[in-house]
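The values are calculated or read from the model by the stated rules, or taken from the named source; none is laboratory data. From a predicted model like this one, the values you see are computed outputs, not experimental measurements. Note: ideal-geometry Cβ built from the backbone for every residue, glycine included; neighbour counts use all protein chains shown. For the accessible areas, the whole protein counts, side chains as well, though only heavy atoms, and no ligand, DNA or RNA atoms are used. Shrake-Rupley method; radii C 1.70, N 1.55, O 1.52, S 1.80 Å.
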Amino acid sequence: MADNGTDVTADVLQQSTAEEEVRICLFGIGGDTYAVTVDVLVEIIIPQKIFPVPTTPSFLTGVISLRGNIVPIVDIRPALSIPPASGISQVAILRHHQMTIGIVVDAVSEVVSVPLSSVMPLPPEAAVQEAGTKNRSRYLLAIVQRSNGVAALLNVERILEAITLG
């Protein structure tokens, strides 16, 4: 297995057990490619009706009823320094521990297995944040190198923390 000596690689290694590959779901948000590991992905849906919730933070688009369960739908674009979505085409339903949320995505491209050696830590300069600026890298876990480009692996735990604290 690849060992870069970083906590990021260790996190991905824990999720992939003893295998040499990790399965990820790739999707587009605002022209960029992002990914989540399939262990947190429940499903991809096209929402029929999103119910707005008054007096909630702006990132909370609303809630849906998914097979009798209320699921909050969030737009993570502002956290990633991308303009908010004008419409919702697809929602990735994610579950981490006991929390389930949906994140607005433009389009899901594929679910693939990638070698652990292609999962790279963020560059050190990505962690540097000037006072008063947004730092989208805090919501990223790693960069996945692929033959046709790169994808940013989302840090679902940090996204959930930001939502619950927001």
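Brief remarks follow.
- For region 29-162, with all protein chains in place and a probe radius of 1.4 Å, 54% of the accessible heavy-atom surface sits on carbon or sulfur.
- Highest-first packing order for the peptide set 36-42, 137-143 is 137-143, 36-42, based on the mean count of other beta carbon atoms within 10 Å.
- Tail beyond 27 Å, pair distance distribution of region 23-166 (Cα, percent): 19
- Sorted on the mean count of surrounding Cβ atoms within 10 Å across their residues, most packed first, peptides 63-70, 48-55, 74-81, 145-152 read 74-81, 145-152, 63-70, 48-55.
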